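The values are calculated or read from the model by the stated rules, or taken from the named source; none is laboratory data. Keep in mind the model is a prediction, meaning the values are calculated, not measured. Backbone-built Cβ (ideal geometry, glycine too); neighbour counts: all protein chains shown. For the accessible areas, the whole protein counts, side chains as well, though only heavy atoms, and no ligand, DNA or RNA atoms are used. Shrake-Rupley method; radii C 1.70, N 1.55, O 1.52, S 1.80 Å.
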Amino acid sequence: MTRSAIYLCCLVLALLSLPARAALDASQLSKLAADDNDAKVAVVKYLASHPSPEAQAVLNAMNNDALYQNQGRLLIVRGDQAIDAATLQPLGPVPDSAESIIVNNRLRGAVQGALSAFKLLSSNLATRLEAARDVKQDPRSEQLPLIQQALAKETNPEVRQDLLLAQASIQIASTNEAERLAAVKILGATNNPEVRTKLADMLTQSNGQYKEPSPVVRAAAQQALKSIDLRVSLARAAASLFSGLSLGSVLLLAALGLAITYGVMGVINMAHGELLMVGAYATYFVQGWFKTHFPQHFDWYVLAALPVAFLAAAGVGMVMERLVIRRLYGRPLETLLATWGISLILIQLARVSFGAQNVDVANPGWLSGGIEIIQDVVLPWNRIIILGFSIAVLVFMSFLLSRTRLGLFMRAVTQNRAMAGALGVPTGRVDMLAFGLGAGIAGLGGVALSQISNVGPDMGQGYIVDSFMVVVLGGVGQIAGTVYAALGLGIVNKLLESWSGAVIAKIVVLVFIILFIQKRPQGLFALKGRSVD
């Protein structure tokens, strides 16, 4: 064989290895030039079912009003040049007699739907993922060839899953029993309510005949429905439990500071809610400072707000203790009235400083969104983070009370003030620091609350009653009791809410606490602290 013959053979083999580019059916395309809109929509469906560069080019031209017809031939106009729509071959300058194809709103919607499906073949993963989700939400039979073509080369598991579901949603109406059975098995692995409706529809009867003729497919559909119902029930139960834990973590943050000032020191601090407000306004202040000076690091303003809120609330608390509380130890009713007056002063100061309206505290990006466990059931990131944050605050407080010198002095003073003073413990300073610690923890609670609720002068009023309920139910002076009471009340509240509504749930919980305290005045755990004296 001569060298020329070898080159010729190689050239033929190379040409054979190239992907075939079949031209579109010109007779089908010519219907786009007619006035029948139904025929035009049918052509769009034909193009969607023939995924090829030619079909995508025609759809793009229709979407951009660049499709023309000239003497029964469809042209794609690019600048002043015309291209044959069926073969994408250049034809030279646009003929003067060419007329634009009219695309009305109905046709444009169909074109854009088909183009959206073509994104399944994009090289960009984000584009494919978005297109796959769109197709999954609204699968159409004419998209099946495109979906199967995309599935054949798709490697991303998330995109593949959406494509498989879209394919199964289409094939569930197939005339082939094996395809319907495979589709039912795939759809049975989802929790989508619309999928459940499709499966249930297969089991409906009309004139004594099942809609799904095959008993094998019906049995698979029944099994899939049971599986979906079980998973949805478990997911909703988990979501309710999470909502209860989330509410409990908020109550815990609100009550931890009060567990020190009231539970350990015996001070009925009616201004505790306003110390939460101080922490929330400190967060608002830090947010504004970051917006002005560090806009590129705005997402981290919440972390910077934590020490600021703690110190601000602790400072207010220590000033309260020095000026007022110190003179009222051992007189609980007078501390109640005095701290109530202080709470009114703090509310008025907030109104004068920030206005009577709520201020806007934005969630940073990493606190936005959530985890979708099933469709329409999302666990928000801000609630998840607050749950973890409340645990961190609890660990910090437990460490401070049990492992530090300040904690040792606090426990000594609250258990036997006279003995502690005789041994050289500066009881007055310990009182101030203990009250400041409780107030500072309330400030940390204010940071968390600013991410899930309104920040305004009256925000503390909504938490003061709940905080006292938690501390009293848990056992005055017992940190562990505060934890159990907060989480328990949160879970019970949410479970009752799903059954009776928020107001009735609140009343039932309050009645339960009253009855429980009547039976067990010391709360869940035995009473300890200065009030024992």
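When each of L328, L303 is tested for being within 40 Å of the chain's Cα centre (by Cα) and aliphatic (A, V, I, L, M), the lone residue that passes is L303. Selection of segment 93-117 for residues being farther than 17 Å from A42 by Cα and either part of a loop (DSSP other than H, G, I, E, B) or open to solvent by less than 20 Å² (accessible area, probe 1.4 Å) (or both) yields V94, P95, D96, S97, A98.
Answer yes or no: is there a residue in segment 518-531 that is within 26 Å of G330 (Cα to Cα), outside the structural domain of S402 (by the TED database), small (G, A, S) and at pLDDT 80 or above. No, segment 518-531 contains no residue that is within 26 Å of G330 (Cα to Cα), outside the structural domain of S402 (by the TED database), small (G, A, S) and at pLDDT 80 or above. E54 fulfils the conditions (1) at pLDDT 85 or above; (2) in a helix (DSSP H, G or I); (3) of a type outside the set (A, V, I, L, M) except for a single criterion, (1).
Among all residues of segment 385-393, there is at least one that is of a type outside the set (D, E), open to solvent by 80 Å² or more (accessible area, probe 1.4 Å) and under 24 Å from the mean Cα position of the chain (by Cα).
Anything in segment 38-49 that is in a helix (DSSP H, G or I) and open to solvent by less than 60 Å² (accessible area, probe 1.4 Å)? List them, or say none.
A39, K40, V41, A42, V43, V44, Y46, L47, A48
Residues in segment 406-435 that are at pLDDT 85 or above, open to solvent by 40 Å² or more (accessible area, probe 1.4 Å) and not in a helix (DSSP H, G or I): 3 in all. Which residues, counting only those in segment 353-371, are part of a helix (DSSP H, G or I) and open to solvent by 50 Å² or more (accessible area, probe 1.4 Å)? Matches in segment 353-371: S353, F354, W366. If you go through segment 326-352 and keep only what is open to solvent by 80 Å² or more (accessible area, probe 1.4 Å), over 10 Å from N269 (Cα atoms) and at pLDDT 90 or above, you end up with L344, I345, Q348, L349, R351, V352. For L120, are the conditions met, namely being touching a strand residue (DSSP E or B) at 6+ places or on another chain (Cβ under 9 Å) and either in contact (Cβ under 8 Å) with a residue 40 or more places away in the chain or assigned to a strand (DSSP E or B) (or both)? No, not satisfied. Here V184 meets the list (1) within 24 Å of I373 (Cβ to Cβ); (2) outside any loop (DSSP other than H, G, I, E, B); (3) within 29 Å of the chain's Cα centre (by Cα) almost entirely, failing just condition (3). Among the residues examined, R327 qualifies as farther than 30 Å from A238 by Cα and either assigned to a strand (DSSP E or B) or charged (D, E, K, R) (or both).
If I filter segment 477-498 for residues that are open to solvent by 70 Å² or more (accessible area, probe 1.4 Å), modelled with pLDDT under 85, touching a helix residue (DSSP H, G or I) at 6+ places or on another chain (Cβ under 8 Å) and more than 19 Å from P332 (Cβ to Cβ), do I get at least one hit? Yes, segment 477-498 has at least one match.
Between S498, S467, S450, which is under 27 Å from L379 (Cα atoms) and either among the basic types (K, R) or in the same structural domain as A312 (by the TED database) (or both)?
Numbers: S498 fails: either among the basic types (K, R) or in the same structural domain as A312 (by the TED database) (or both); S467 fails: either among the basic types (K, R) or in the same structural domain as A312 (by the TED database) (or both).
Unique residue meeting the criteria: S450.
Summed over segment 272-325, the residues that are open to solvent by less than 40 Å² (accessible area, probe 1.4 Å) and either free of Cβ contacts under 8 Å to residues at least 12 places away in the same chain or touching a His at 6+ places or on another chain (Cβ under 7 Å) (or both) give a count of 2.
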